[in-house]
Amino acid sequence: MTTTPTGDLPILIECHREKLTIRQRHVAVARLVTNYAFNNTYQYIIAREDVHLTWLEAAIEELGGTPASVPEPALRPAGGKGNDAFLPLVGEDARLAEEFVKKWRGRIGELANACSALGVADHRFLGGTGRWRDSMATRHATAVSLASPGRMTTSCGMARNAASCSMG
């Protein structure tokens, strides 16, 4: 099956929007997670999602599209104290992640075709050596630190502040 760049744009936009929606929920849940180990795990997951989203955004922009913008959802603790206040949200995140993988695993060929139409054999090189390559896509997340509210951190070439970070 041969695809064209314009034919690939809708699938990239759809995948990006869904991945960004999940990422934004993870940020919202991380704000409610009081357990240190759980919060650190969320920070790692969010950093990885930022890399994935950067790849998708590069491809969307190269095809002349505009990546979606998704607000962070307003979530409340599930009730209870300690871990009981956030564990139901973590369980829901696990279920949502499984649904995302199940849906997109069956469509992975479409995403591979989109990369191929861009002339990209390896998704890590989406965007070439310019703007996107210099972002988190090449200097991966081992040094990423999500800032606490009120503190600004620059890491891996990206500035972060409390508006987009957990409270870890």
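The values are calculated or read from the model by the stated rules, or taken from the named source; none is laboratory data. As the structure is a prediction and not an experimental result, all values here were calculated from the model. Here Cβ is always computed from backbone atoms with ideal geometry, including for glycine, and neighbour counts include all displayed protein chains. The area values use the complete protein model at the heavy-atom level, side chains included, leaving out ligands, DNA and RNA. Shrake-Rupley method; radii C 1.70, N 1.55, O 1.52, S 1.80 Å.
If you go through region 72-111 and keep only what is open to solvent by 60 Å² or more (accessible area, probe 1.4 Å), within 28 Å of residue 14 (Cβ to Cβ) and not in a helix (DSSP H, G or I), you end up with 72, 74, 106. Can you say whether residue 8 is at pLDDT below 95, more than 18 Å from residue 112 (Cα to Cα) and among the acidic types (Asp, Glu), as far as the supplied structure shows? Criteria not met by residue 8. Beta carbons closer than 7 Å, at least 6 apart along the sequence or on distinct chains, pair a first residue in region 64-78 that is free of Cβ contacts under 8 Å to residues at least 40 places away in the same chain and more than 18 Å from residue 23 (Cα to Cα) with a second that is in a loop (DSSP other than H, G, I, E, B) and not hydroxyl-bearing (Ser, Thr, Tyr) for 78/86. Residues in region 41-61 that are hydrophobic (A, V, I, L, M, F, W, C), within 18 Å of residue 30 (Cα to Cα) and either in contact with an Asp or Glu (Cβ under 7 Å, 6 or more places away or on another chain) or open to solvent by 10 Å² or more (accessible area, probe 1.4 Å) (or both): how many? Summing the residues that are hydrophobic (A, V, I, L, M, F, W, C), within 18 Å of residue 30 (Cα to Cα) and either in contact with an Asp or Glu (Cβ under 7 Å, 6 or more places away or on another chain) or open to solvent by 10 Å² or more (accessible area, probe 1.4 Å) (or both) in region 41-61 gives 1. Scan region 19-42 for residues that are under 11 Å from the mean Cα position of the chain (by Cα) and more than 13 Å from residue 71 (Cβ to Cβ) and the total you get is 3.
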